[in-house]
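Colleague: My questions all concern the structure below.
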Amino acid sequence: MKQHFATIEIATKGPGLYAFTDRAVRLLADTGLNDGLLTCFVRHTSASLLIQENADPDVLADLESFMRRLVLRDPKLYRHTTEGPDDMPSHIRSALTAVSISIPFHDGRLALGTWQGLFLFEHRDTRHIREILLHAIGE
Amino acid sequence: MKQHFATIEIATKGPGLYAFTDRAVRLLADTGLNDGLLTCFVRHTSASLLIQENADPDVLADLESFMRRLVLRDPKLYRHTTEGPDDMPSHIRSALTAVSISIPFHDGRLALGTWQGLFLFEHRDTRHIREILLHAIGE
Amino acid sequence: MKQHFATIEIATKGPGLYAFTDRAVRLLADTGLNDGLLTCFVRHTSASLLIQENADPDVLADLESFMRRLVLRDPKLYRHTTEGPDDMPSHIRSALTAVSISIPFHDGRLALGTWQGLFLFEHRDTRHIREILLHAIGE
């Protein structure tokens, strides 16, 4: 049994979903592992991880709109407002989605379903460089 | 250290929670592993995973009702509507719950709490066959 | 490759976030492992796990307030009401947050981002002793 670490950096330009399936698949191939478990971990509290449909971009737009309606940007609702009206809603949106996702891989292939894509979910307005740590264990 | 893979298929008949604790426990016993980590991963974007109370079925009904109120089926709210009024709400409900859950096991027993059961959360109306991939690593 | 198990108990006094980063870091150091994956698993269905900002306590208060607004304590909304008005909302709040979180560690350090802290999210009013199981695998 062996393990490997890698980091994916994503430059974001405002709220929404940023695909990184291809990069994760390539990094997994680089490890030479055939069977095991890949864990993705995002190192932030105002961006999160999501597995969602990779086919219709409308799904991604609808997810962003839903989150915008669910977690209002009304400063009167929050105490933590010093970092801007998008900050506290970003923490809440992160809490409602995932910080880590673990995906088995078998025969060298990540076991995602046909329609599943890996996404970083950015919640903040300003540009950020986001870090996703990958950990693969297997043989 | 060894690892094992298994797949659980669940035939669903509309939205709600489908228990699979017993099947996961049996598959784990089949591996012969005593101590390690079991990861459940659902291969879909309109069904998800949940650990919830296994005692009172009312809890499961209340969870489904809450999700129905939270994620409205109003087509005016969404762009992605071609697959029916339950489709985009299903993606959102999946995003708000889990795609992977990892549970330690020790002395041959899955470390679930007394009231914890493993469930597939189906979000769509029509019948589906859902696939949950299990990965166990340990010794 | 080796693995270790440990349990963290947290005595809670009502809804809100209880930090356990320091305890997790110490337990990881005790294992002597340098590189691997740490999984935290909460053994309850009315308390959950969260990684959130560790700097401003207002963030924690705002998260609790948001959850209170999102998941109303109105008994008319639920069937499962015998255990009190806070019980079914607690199950729902748990379903919307995490039951397991996996974090890579490297060179003996848990790979949390600068602002990330590990929290138990208690959802119930009365005092509880909550159990978080830690599983570390690595070398």
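The values are calculated or read from the model by the stated rules, or taken from the named source; none is laboratory data. Computed from a prediction, not measured in an experiment: that's the story for all the values here. No Cβ is skipped: glycine too gets one built from the backbone with ideal geometry, and neighbour counts run over all protein chains shown.
Colleague: Of everything in region A:126-139 that's buried (at least 22 other Cβ atoms within 10 Å of the Cβ) and of a type in the set (A, V, I, L, M), which residue is nearest to the chain's Cα centre (by Cα)?
Modeller: Looking at residues that are buried (at least 22 other Cβ atoms within 10 Å of the Cβ) and of a type in the set (A, V, I, L, M), I get A:Ile132.
Colleague: Here is a follow-up. Find the residue count for region C:88-125, including only residues that are touching a residue at least 40 places away in the same chain (Cβ under 8 Å) and more than 15 Å from the chain's Cα centre (by Cα).
Modeller: 8
Colleague: Here is a follow-up. Select from region C:94-112 the residues that are of a type outside the set (Val, Ile, Thr), within 17 Å of C:Ile132 (Cα to Cα) and not in a strand (DSSP E or B) and write down the one among them that is farthest from the other protein chains (Cβ to nearest Cβ).
Modeller: C:Ser94
Colleague: Related question: Could you please let me know if A:Leu77 is within 14 Å of chain B (Cβ to nearest Cβ), among the aliphatic types (A, V, I, L, M) and farther than 19 Å from C:Trp115 by Cβ?
Modeller: no
Colleague: Modelled with pLDDT of 95 or more, under 23 Å from C:Ala98 (Cα atoms), surrounded by fewer than 21 Cβ atoms within 10 Å (Cβ to Cβ) and more than 10 Å from chain C (Cβ to nearest Cβ): does that describe A:Arg69? Steps first, please.
Modeller: Working: modelled with pLDDT of 95 or more: yes; under 23 Å from C:Ala98 (Cα atoms): yes; surrounded by fewer than 21 Cβ atoms within 10 Å (Cβ to Cβ): yes; more than 10 Å from chain C (Cβ to nearest Cβ): yes.
Here the answer is yes, as A:Arg69 does meet what is asked.
Colleague: Name the strands (runs of 3 or more DSSP E) wholly within region B:1-62 that hold at least 1 residues that are more than 14 Å from chain A (Cβ to nearest Cβ) and modelled with pLDDT of 95 or more?
Modeller: It comes to B:2-13, B:16-19, B:47-53.
Colleague: Say whether the condition of being over 20 Å from B:Arg127 (Cα atoms), basic (Lys, Arg), assigned to a strand (DSSP E or B) and modelled with pLDDT of 95 or more is met by at least one residue in region B:74-88.
Modeller: For region B:74-88, residues over 20 Å from B:Arg127 (Cα atoms), basic (Lys, Arg), assigned to a strand (DSSP E or B) and modelled with pLDDT of 95 or more: absent.
Colleague: On the basis of being within 29 Å of C:Cys40 (Cα to Cα) and touching a Pro at 6+ places or on another chain (Cβ under 7 Å), does A:Thr97 make the cut?
Modeller: Values: within 29 Å of C:Cys40 (Cα to Cα): yes; touching a Pro at 6+ places or on another chain (Cβ under 7 Å): no.
No: the conditions fail for A:Thr97.
Colleague: Taking region A:101-139 only, how many residues are of a type in the set (Lys, Arg) and in contact with a helix residue (DSSP H, G or I) (Cβ under 9 Å, 6 or more places away or on another chain)?
Modeller: Within region A:101-139, residues that are of a type in the set (Lys, Arg) and in contact with a helix residue (DSSP H, G or I) (Cβ under 9 Å, 6 or more places away or on another chain) number 2.
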